[in-house]
Amino acid sequence: MLRSHPDTPIKIHDLIAMYDAHFNMSNTYNLVQRTDQYIAIEKNYPHRDHASQIFPTDQENLREIAADLTVKIDSVLASLLMEAARDDHCLAQILLDRDDPMVDQKSLFLAANRLERQAIINDACRNFKDNHANISLYNEKFLGEVKRLSSSQNIQEISAIFSSFLCCRFDRLERLISDTNGEPLIFLLIIVGSTPEDALQIVASLHPILLENSRQRRAIHSLLRETSEAVALRMVVGMLGDFQGIITYSPSSAENLLTLSA
């Protein structure tokens, strides 16, 4: 009932979709509804300008808006564009080319090329170098299950237990883990407390081609060694969007979670 109700908040709808493996996005849960909800939340804010009055009805309209340099992107429109760009590679590339200060580049990371990715990571390291993530996610059984599944290259199951563990959307998690350049997977492994050795083993199992040349191998070692939990967390939040929060499970609840996810 909540899934089909037009007034169900976006985050609740996302959670329902995440836990229902057979759920297909219905017509009631589309960009128009998301736009209406963003506008409804922000409509009384004094910083709104003409750009926020635009009501896009599909992805193509959003791409046209993003490509139009005469449109000023305010915070409301930026939120809408970033949310849509996480699921739209073409829109993300348009926003990368536009390089607007209102748009968080971390949300566009999956669409970025190698040099753009390095610039985004460097910027995150500068901005959050003195921050602490204040998270405690290490769970031996969880990481053991990730290692086991990685040995059989079972990305779908790994994505399922990560999405349950972090309480975020499965489809976005799967894109992060499937990314062939490896950085998003490394960020995920850092925030759940994996050791560099275990993380390297998991990356090597899921994306063996990354370790076939010395340059890529050095880049992965460097990323694992130099990326703090705070930076990794910001990168993951940027790519996934705002999710419900980091959850630390007790050993008993983690065991139940893994049983249900397997």
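So which of 190, 186, 158, 120 is in contact with a Phe, Trp or Tyr (Cβ under 9 Å, 6 or more places away or on another chain) and surrounded by 17 or more Cβ atoms within 10 Å (Cβ to Cβ)?
The unique qualifying residue is 120.
Of 87, 123, 99, all but one fail to be modelled with pLDDT of 90 or more and at positive phi; the exception is 99. Summed over the range 86-115, residues that are assigned to a helix (DSSP H, G or I) and under 17 Å from the mean Cα position of the chain (by Cα) total 14.
Here residue 218 clears all of (1) touching a Gly at 6+ places or on another chain (Cβ under 9 Å); (2) among the charged types (D, E, K, R); (3) free of Cβ contacts under 8 Å to residues at least 12 places away in the same chain except the condition numbered (1).
For the range 186-244, the helices (runs of 4 or more DSSP H) that sit wholly inside it and include 1 or more residues that are of a type in the set (S, T, N, Q), assigned by TED's automatic domain parsing to the domain that holds residue 158 and farther than 23 Å from residue 82 by Cβ are 196-206, 214-226. If you filter the range 50-72 down to residues that are part of a loop (DSSP other than H, G, I, E, B), surrounded by 13 or more Cβ atoms within 10 Å (Cβ to Cβ) and at pLDDT below 70, you find that the one that is farthest from the chain's Cα centre (by Cα) is 54. Condition check: outside the structural domain of residue 223 (by TED's automatic domain parsing) and over 19 Å from the mean Cα position of the chain (by Cα). Does residue 148 satisfy that? Against the criterion (outside the structural domain of residue 223 (by TED's automatic domain parsing) and over 19 Å from the mean Cα position of the chain (by Cα)), residue 148 does not qualify.
The values are calculated or read from the model by the stated rules, or taken from the named source; none is laboratory data. Keep in mind the model is a prediction, meaning the values are calculated, not measured. All Cβ positions, glycine included, derive from the backbone under ideal geometry; neighbour counts span all protein chains shown.
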